[in-house]
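What follows is a short report on a single structure.
The values are calculated or read from the model by the stated rules, or taken from the named source; none is laboratory data. Fair warning: this is a prediction, and the values are worked out from it, not measured in the lab. Cβ: placed from backbone, ideal geometry, glycine included. Neighbour counts: every protein chain shown. For the accessible areas, the whole protein counts, side chains as well, though only heavy atoms, and no ligand, DNA or RNA atoms are used. Shrake-Rupley method; radii C 1.70, N 1.55, O 1.52, S 1.80 Å.
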Amino acid sequence: MTRPQEWKRIDSENVADCRIFKVRRDLSKNVVTGQTAQFFVIENPDWINVIPVTPDREVVLIEQFRHGIQEFTLEIPGGMVDRGESPLIAASRELTEETGYVSSDLIQMGKSRPNPAIQDNWIYHFLAPDCRYTGQANFDEHESIVTKLVPLKEIPEMITNGEIGHSLVVAAFHYLGNLQIYEG
């Protein structure tokens with residue numbers, strides 16, 4: 001089986017520190033042709049997202065404004081894994097901070113690469129079954145979030161019709177679908 005041509009990094013330089021990510025410029029060389037080219041990489045910490053499901057089989061969705069698209073989106077809780085923190089601890093923390101819900105049994109369903117063309121991180125997808133509301137959320141400085149409870153069985157249609165369109169959220173629900181818990 002033939003593989004695509006590989007590029008080897010021969011030099012690297014940090015070009016921007018943007019608080020929650022850094023930008024790196026790499027000079028790379030094609031191992032077959034010898035051609036060199038510049039590539040830019042966004043260095044991110046790993047991320048998590050969590051599908052919170054209540055005992056009544058409702059998903060706790062969050063609605064928030066997203067600056068990149070200048071629109072509101074329906075998503076699931078998520079965020080960055082802090083330095084020295086495990087993805088599991090980050091998932092538990094983000095769930096509580098963004099929704100006020102907790103689950104005693106977070107389950108890692110899988111992980112994926114958000115955009116390997118320009119990013120170097122992973123996102124870990126978690127299920128938080130039997131979520132219970134325990135109190136007020138604790139938003140970060142620039143967060144403004146409204147929670148919405150939606151029956152789990154409605155999620156596939158919400159993805160199909162574009163109500164849920166964030167690709168990382170769709171990826172998490174893909175993993176959830178593999179667990180076959182939408183009905184039942």
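Below are the figures for this structure:
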read-out	value
In segment 130-148, residue farthest from Ile76 (Cα to Cα) [restricted to those that are in contact with a strand residue (DSSP E or B) (Cβ under 6 Å, 6 or more places away or on another chain) and surrounded by 14 or more Cβ atoms within 10 Å (Cβ to Cβ)]	Tyr133
Residues within segment 99-111 that are free of Cβ contacts under 8 Å to residues at least 60 places away in the same chain, small (Gly, Ala, Ser) and open to solvent by less than 30 Å² (accessible area, probe 1.4 Å), tallied	2
Residue ranges of strands (runs of 3 or more DSSP E) in segment 33-98 with at least 3 members crowded, with 18+ Cβ neighbours inside 10 Å and either touching a residue at least 12 places away in the same chain (Cβ under 8 Å) or over 17 Å from the mean Cα position of the chain (by Cα) (or both)	47-52, 58-66
Residue in segment 1-20 that is modelled with pLDDT of 95 or more, among the aromatic types (Phe, Trp, Tyr) and within 23 Å of Asp140 (Cα to Cα) present	no
Residue in segment 78-86 that is among the hydroxyl-bearing types (Ser, Thr, Tyr) and more than 25 Å from Pro4 (Cβ to Cβ) present	yes
Looking only at segment 22-32, and only at residues there that are without any contact (Cβ under 8 Å) to a residue 24 or more places away in the chain and of a type outside the set (D, E, K, R), the one that is surrounded by the most Cβ atoms within 10 Å (Cβ to Cβ)	Ser28
Hey, Pro114 in contact (Cβ under 8 Å) with a residue 60 or more places away in the chain and under 21 Å from Asp56 (Cα atoms) or not	no
Output for segment 129-161, where each listed residue is in contact with a helix residue (DSSP H, G or I) (Cβ under 8 Å, 6 or more places away or on another chain), under 24 Å from Glu71 (Cβ atoms) and assigned to a loop (DSSP other than H, G, I, E, B)	Ala137, Phe139, Asp140, Glu143, Ile145
Residue pairs meeting the criteria (Cβ under 7 Å; at least 6 apart or on separate chains; first over 19 Å from Met80 (Cα atoms) and open to solvent by 50 Å² or more (accessible area, probe 1.4 Å), in segment 153-180; second in a loop (DSSP other than H, G, I, E, B) and at pLDDT below 95)	Lys153/Tyr182; Lys153/Glu183; Pro156/Tyr182
Condition check for Phe126: buried (at least 16 other Cβ atoms within 10 Å of the Cβ) and not in a loop (DSSP other than H, G, I, E, B)	yes
